[in-house]
Amino acid sequence: MAEKRYLFTPGPTPVPPEVLEAMSRPVIHHRSSDFRAIFERCLERLRDVYRTEGDVLLYTASGTGGMESALSNLTRPGDRVLVVSAGHFGERWAAMARTFGCEVDQLTYEWGESPAPDDLARRLSELGGAKVVFTTHSETSTGVVADVQALAATAKEAGALVVVDAVSSLGAVPLETDAWGLDSVISGSQKALMTPPGLATVSVSADAWATVQKGAASRYYFDWGQTKARQDAFDSAFTPAVSTVVGLDVALGLLLAEGLEQAFERHARLGRACRAGVKAMGLDLFSPDDDRSAVVTAINAPDGIDSGELVQTLRDRHGIVLAPGQGPLKGKIFRIGHIGYYDVFDITTALAGVELVLSELGADIERGVAITEALDAFEHTRV
């Protein structure tokens, strides 16, 4: 019998069978009326998920490709930008901005800390402003979900554009593109949008379009203007990942049928269940113990246990795939993702595997209580 696999990373995430079925159908031509109808519906559904009346551009690329599109359309070499960095993906913003020749200032926090609007206001005042503030909504390297609404308000007050990496947060936790004044929000198909990797989505505000029209760095494939012009006719500028777009359309339909508010609540309850089970074992959380941390739960490995060994043993022995620590947290933490196509029984599977392998590795943990605590936490909604 083939070994069963359980995927608990913060991306890629499991894909619903309806999406897999749609993607397995015969490939259709990307210039045909058949695809155009799907593409039109997919773009409209993306606007609903983004909660925007503006444009959402779709690229065949990873989320990082979407991030690059924001830099290449909104900045020129020498532009001063401010990156809010509290983990691996904040550091990626800074590295990318330097590659594009920007004058980069970083508001840097220890990994695991939550960025504060007052700190951002102070730094922008010291700098005399910045053209763009780049932020990360869900920092999956640490499990922290930042208060992007407050950070964006501070940046906009200082006259900056606001660009948000929401690759893992869109569809999992509340995000209001228009209401929060976000100028560009980047996401990817392989996280809470429940589709295989391969598509990047990028929203563009009116202020962002005004900046694009003034000129920016060199770009071709990621030219927002060219992409918008073709999408306005429900066409694509270049050959898209046709089958993945078909799958994304189905996944977005499932998400919207559930209801965004219901999806946000489900993710909060899943995070709550995961944290309760972790604490019941006697383990210490690395990510915050609050409902904002609904994307991924980061956990400190017990003393004497290498988290990389734990993750590898879970995969090799039980087919359970978790995420290890990154950067300075390598070997120190492990992460359980719970965004997208998950329910509480997925959480209990992950917890049971962790409990079993930690015991085998000699960790002093409480046995047999994690699942009960997780189920109880999931069932009892907080008031």
With the checklist (1) among the aliphatic types (A, V, I, L, M); (2) surrounded by fewer than 18 Cβ atoms within 10 Å (Cβ to Cβ); (3) closer than 13 Å to ILE186 by Cβ in hand, flag the one item ALA61 doesn't pass.
(2)
SER125 vs. criteria without any contact (Cβ under 8 Å) to a residue 60 or more places away in the chain, out of contact with any Pro (no Cβ under 7 Å at 6 or more places or on another chain), surrounded by fewer than 19 Cβ atoms within 10 Å (Cβ to Cβ) and closer than 25 Å to PRO196 by Cα:
no
Among SER114, SER85, which is of a type in the set (S, T, N, Q) and more than 21 Å from THR64 (Cβ to Cβ)?
SER114
Take GLY65 and decide whether it is at positive phi and in contact with a strand residue (DSSP E or B) (Cβ under 9 Å, 6 or more places away or on another chain).
no
Within the range 213-224, the residues that are surrounded by 16 or more Cβ atoms within 10 Å (Cβ to Cβ) and part of a helix (DSSP H, G or I) are TRP224
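Conditions (1) at pLDDT 95 or above; (2) polar (S, T, N, Q); (3) surrounded by 15 or more Cβ atoms within 10 Å (Cβ to Cβ); (4) more than 29 Å from GLY90 (Cα to Cα), marked per residue:
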{"position": "ALA280", "(1), (2), (3), (4)": "yes, no, yes, yes"}
{"position": "THR313", "(1), (2), (3), (4)": "yes, yes, yes, yes"}
{"position": "PRO328", "(1), (2), (3), (4)": "yes, no, no, no"}
{"position": "GLY331", "(1), (2), (3), (4)": "yes, no, yes, no"}
{"position": "PHE334", "(1), (2), (3), (4)": "yes, no, yes, no"}
Mind telling me which of the residues GLY63, GLY101 ends up being over 18 Å from the mean Cα position of the chain (by Cα), assigned by TED's automatic domain parsing to the domain that holds ASP183 and either in contact (Cβ under 8 Å) with a residue 60 or more places away in the chain or closer than 28 Å to LEU260 by Cα (or both)?
GLY101
Could you go through the range 325-339 and let me know if any residue there is of a type in the set (Gly, Ala, Ser), assigned to a helix (DSSP H, G or I) and within 25 Å of the chain's Cα centre (by Cα).
yes
Quick one: which residue in ASP376, ASP291, ASP364 is assigned to a helix (DSSP H, G or I) and in contact (Cβ under 8 Å) with a residue 24 or more places away in the chain?
ASP376
Just checking, which of GLU18, GLU44 is assigned to a helix (DSSP H, G or I) and without any contact (Cβ under 8 Å) to a residue 12 or more places away in the chain?
GLU44
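The values are calculated or read from the model by the stated rules, or taken from the named source; none is laboratory data. The structure displayed is predicted, hence computed values, not measured ones. Methodologically, a virtual Cβ is constructed for each residue, glycine included, from the backbone with ideal geometry; neighbour enumeration extends over all protein chains shown.
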